[in-house]
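Here's the structure we're looking at; comments come further down.
No lab work stands behind these numbers, since they all come straight from the coordinates. Being a predicted model, the structure only gives us computed values, none of them experimental. Virtual Cβ from ideal backbone geometry, glycine too; neighbours counted across all protein chains shown.
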Amino acid sequence: MKYVNFKELKIKNFLSVGEEVVKVNFETGLHIVTGINRDKEDRRNGVGKSTIADALYFSIFGNTLREIKKTFIPNNLTDGKTSVELLFSVDDPQYGINDFRIVRTLGPSKCTIYKNDVDKTRDTIQNTNQYIETVLSSSPEIFQNCVIMTLNNHIPFMAKNKVEKRKFIEKIFNLEVFSKMLNDVRSDQSEVKKDFDINVTRLEETSGYLQLQQNHKNNFDIDHGRKVNTLESTCNRHSADLKAANERLDSINNLDATPFEEKKEEVSQKKKAVRDEIDVINHDLIECRLTLRTAAEDYKQIGTSEADCPVCLRPIADHDIEAINEKKRHIKAGITDQKIKLDELTSELNGKKTLEEKINNAIQTLADKITNIEREKYSISQVSDSVNYIQKCITEIESELEGVRNETNTFDSVVNEYQDKVDTIKADINSLKNRLDFLDVAKFVVSEEGVKSFIVKKILRNFNSKLTHYLKKLDSNSICVFNEYFEEEIINEKGKVCLYNNFSGAERKAIDLACLFSFMDMRKAQGDVHYNLSFYDELFDSSFDEKGVDLVLEILNDRVETQKECIFVISHRKESIKAATGDIVFLEKSNGITKRVEFVD
């Protein structure tokens, strides 16, 4: 159990408090805070009584209960530096007893905390506030509902919405650990799900890259086989070309033009003989044509059939005509013979020319063969070069083929590497999936329906019992019960379920006080933290009748005696002073400035 004992509060230039420090000691007993407003004679409102509760709250959390803007907190009449100083000690089973002092100022804004006179202030006001809340094991919500009961200036617990009630009760009962665990599980689940999704994406990408490398590997094998086949085919083709070239070289070396040259010489001699015969025939043809031409001219000039000679114009005798005719017949017969001879010579000439043409063709054929042989003989060097080139090509191809056959598929190692990565990622995914399944179970365990519900039922059984106890002590005409989902059910004296706002102000205040006392008892019973201080603002000033006030005083005095509490009741009723068993903090407001003065009855 941690015990927080508030000891002293000093207030300066805070709201209506001026330069004169208002000091309040927190000692065991029932203390009354009241006063008088000299600016409005015989009035006790507006004195600054609630300023003490506001200053206490401000010293711890840096805000006021009434949520006043910080620019309006400093006293606007003094223009002095606002300063609130709180002294308290903490008896912690783990750290022992330590004294703390908080000094919070405005103008400038500053918060300093000392532990056993050693400065423990953090780097920022926000971090210092968090440190103070950790030291006091309290939050603003818990402090307002377990230490300061400002019924008229803040929303009571029962008037809060469902979410705010749940958060507050979880903090009171230390059940926020389940919410934290649930949040942690959800956070872990989100992180694991994120890792799971990332690994699924990685698996898709890595599998895709693996497939790509596998395709490269397959393509390499296909290309390798195609290269080998192509080189082998090229090598075989060159070998065939080499064989053909060698065979051609052998055939060229075996060629001999001598028989064709001898034959050509022989045929050429025949051609020469035929040419001589053709020359003779041509000579005979010339003579024959000349004889025909001469005979034709002679025939034309011999005699005439006319009575007179066309030359000498003398009459032709009969015997001369007969002689002329005979001569013509003789010439004509000669012409006919010469024509026959001309035809025979022409025919013979044509035959000789045909023979000569055949001989020429034979000579040309022989000459072509001789030329071809000479050309083939001439190409021996070229064929030899071809043989050497083909042999060189075969050697190079065989070397390249050997290199290709010895090539290693470098994609094998890459494929194996990425296959290992895929297997690893799959194992990680399975592990993450198992983790997600486990977190699903864990989330259910710490959820509202899980073990939390079981624990809450046990806690609420005790809490509802205390709540009923205080409602009876306050003579309330209602019963309030909370279920495991922190939903309240209020039943009036007629046994009907009612809402909190269905009750009167006094009835609601009784329920609020019963809740406050129950919360304080539960905090103490759970061994968490016990505060020696509680504030009740205007507890006796409205709603409660005299009987109600007596019942409340009975509870408060009982808490003072049994739990050694320091209870402050803020009231503007003068008769409230009679209830005090401790100090009477009497405040006086004059010219807008509040200060503490000695109480004179």
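Structure summary
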{"read-out": "Cα Rg, Dmax, region 474-601, angstrom units", "value": "17.4, 54"}
{"read-out": "Farthest positive-ward along region 249-403 dipole, Cα basis, beta-carbon charges - from THR294, GLY351, LEU255", "value": "THR294"}
{"read-out": "If the convex hull is drawn through the Cα atoms of region 356-507, its volume per residue in Å³", "value": "334"}
{"read-out": "Among ASN98, PHE58, MET149 - extreme Cα towards positive end, dipole of the chain, charges at beta-carbon", "value": "MET149"}
{"read-out": "Prolate/oblate/rounded call for region 249-403, Cα gyration tensor, a/c under 1.5 rounded", "value": "prolate"}
{"read-out": "Where trypsin sites (Lys or Arg not before Pro) fall in DSSP loop in region 475-577, at most 14 other Cβ within 10 Å", "value": "LYS494, LYS496, LYS564"}
{"read-out": "In region 188-264, the trypsin sites (Lys or Arg not before Pro) that fall in loop regions by DSSP, at most 10 other Cβ within 10 Å", "value": "none"}
{"read-out": "Built amide H within the under 5 Å cut-off of LEU539, gap 5+", "value": "ILE570"}
{"read-out": "Average silhouette area of region 313-383, convex hull of alpha-carbon atoms, in square nanometres", "value": "8.7"}
{"read-out": "Principal axis dimensions, largest first and in whole angstrom, of the chain by Cα", "value": "219, 69, 57"}
{"read-out": "17 Å Cα-Cα reach of LYS339 towards aspartates and glutamates, excluding residues that sit fewer than 8 places from it in its own chain", "value": "ASP284, GLU287, GLU297, ASP298, GLU348"}
{"read-out": "Mean-position separation - Cα centroids, region 333-367 and region 509-531, in angstrom", "value": "156"}
{"read-out": "Helix 176-253 vs. the chain, principal-axis angle (Cα, 0 to 90°, nearest 10)", "value": "10"}
{"read-out": "Selection of GluC sites (Glu not before Pro), region 520-601, meeting DSSP coil and at most 16 other Cβ within 10 Å", "value": "GLU598"}
{"read-out": "Estimated [θ] at 222 nm from DSSP helical runs (n ≥ 4, -39500 (n - 2.57)) normalised by residues in the chain, nearest 500", "value": "-21000 deg cm²/dmol"}
{"read-out": "Degrees between helix 50-61 axis and first principal axis of the chain (Cα, 0 to 90, nearest 10)", "value": "40"}
{"read-out": "Under 13 Å, Cβ to Cβ, from TYR95 - net charge with Lys/Arg +1 and Asp/Glu -1", "value": "0"}
{"read-out": "Förster-model FRET efficiency, 60 Å R0, LEU436 and ASP223, C-beta, rounded to 0.05", "value": "0.85"}
{"read-out": "Inter-centroid distance (Cα atoms) of region 205-262 relative to region 1-59, Å", "value": "110"}
{"read-out": "Acute angle (nearest 10 degrees) that the helix 162-172 long axis makes with the longest principal axis of the chain, alpha-carbon atoms", "value": "70"}
